[in-house]
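These notes concern the structure reproduced below.
Please treat every number below as a calculation from the coordinates, not as lab data. It should be emphasised that the depicted structure is a prediction, and the values quoted were computed from it without experimental measurement. All Cβ positions, glycine included, derive from the backbone under ideal geometry; neighbour counts span all protein chains shown.
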Amino acid sequence: MDPISATSGLIALTSWTEIVLTYVEDITNAPADVRHVFEELTTIHHMLQALKQANGTEIVKSLTFSNGPFEQLRLVLERLESKLRPSAGTPQISSKSLGWGFNKTETKELLSTLERQKSLFSLAIQRDQLYPMSHKLF
């Protein structure tokens, strides 16, 4: 993937994460698992913003391969949005009134994927920060 496509994909994921966060945040009296999903999404959102500031696009490109971290996050966001987004004909109904929409097993699966992507994004950020230093060592 070329650097411009990788960067635009990152920008789109960051915006989409922000949108899905508003849906999850709207759920009142959310169980602990739902709050955990919100916390993971919030952390991932901040990590995506940090990746946008990354020095080299090689780091971003390394996350864009087929079925890679960006693709996995996109699939989770798609699932979340499909169940939590208010339908077009009923703007007064929000995710708050509809509830969570995922059972325990689905929620654990979502959390597992989010945690895995968060770890990969964290490694990419660390790699970006260490690369200039390791480059000077050799």
Can you tell me the length gained on complete extension of the stretch GLU25 to SER87, counting 0.36 nm per residue apart and subtracting the Cα distance?
20.6 nm
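For SER119 and THR43, calculate 0.36 nm times their separation in residues minus their Cα-Cα distance, and state this gained length in nm to one decimal. Can you show the working numbers first?
Numbers: separation 76, 0.36 × 76 = 27.36 nm, distance 1.06 nm.
This chain segment gains 26.3 nm when fully extended.
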Please give the peptides 37-46, 22-31, 5-14 ranked by average Cβ packing (other Cβ atoms within 10 Å per residue), highest first, as a rough proxy for protection.
37-46, 5-14, 22-31
For the stretch 66-76, in order, what is each residue's ³J(HN,Hα) by Karplus, 6.51 cos²θ - 1.76 cosθ + 1.60 with θ = phi - 60°, in whole Hz (x at glycine and Pro)?
4, 6, x, x, 5, 5, 5, 5, 4, 5, 5
Computed FRET value (nearest 0.05) for GLU109 with GLN53, which takes r as the C-beta separation and R₀ as 41 Å:
0.85
